[in-house]
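To keep things clear, I will list the structure first and then write my remarks on it.
Please treat every number below as a calculation from the coordinates, not as lab data. Just so we're clear, the structure is a prediction, and the values are computed from it rather than from any experiment. Because the Cβ atoms are built from the backbone with ideal geometry, glycine has one as well, and the counts that use them run over all protein chains shown.
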Amino acid sequence: MNIRYPVSRNFLALTIIAMAAGLMALPVLAATPSETVQLRQETMKKLGKHMNAIKDFAMNGQGSAADVANRAGEIGKIAAGIPAMFPEGTGMDEVKDPKNGAKPEIWLDWDNFLKAAAKLEVESKALEAAGNGGDQEVIKAAFQNLGKNGCGNCHKPYRIKLEK
């Protein structure tokens, strides 16, 4: 007997992905606004370390293309969780912290913020593919694109420039 299920495999796969993304958000949901900002800052520092290591290879040939692919994959994972790291009430106006540069525009322009986070994920996958290809010039171009169109899509409109 052949049983047909009303749910398609694509729908099921998307549901599983959404559930996994939801589980990633649980630590943020259980945290206070200050703890959420601290977790967000730590996560962004990890992202920055990945970018610096990739830059070392892209610009100076230090490291390996395989490491670039690995780190770009990690950036993609971080990008997928970015929206969950920005619950309402964690902006620079609500959580006073000299390292909290989250502008109120994030929540006023939430749909575009989500698109910017998604763009970071897309660009990180392109960089991961370039890393898997191994060509330093292709990696350099993908890295620059990630910085400009991935990171820059959020930093320019949604983050104040922090003093070092």
What is the set of long-range amide H partners of Arg159 at a cut-off below 5 Å, with H atoms built 1.01 Å from backbone N? Lys103
Per residue and in Å³, how big is the convex hull formed by the alpha-carbon atoms of the stretch 21-164? 99 Å³
Kindly give the semi-axes, whole Å and largest first, of the ellipsoid equivalent to the stretch 122-164, taking each as the square root of 5 times a Cα gyration tensor eigenvalue. 25, 10, 7
With θ taken as phi - 60° and the coefficients 6.51, -1.76 and 1.60, list the Karplus ³J(HN,Hα) couplings across the stretch 140-147 in order, rounded to whole Hz; mark glycine and proline as x. 4, 5, 5, 5, 5, 5, 4, x
Counting only residues 5 or more apart in sequence or on a different chain, those whose built amide H sits under 5 Å from that of Asp109 are none
Lys and Arg at +1, Asp and Glu at -1: neighbours of Thr36 with Cβ under 12 Å from its Cβ sum to -4
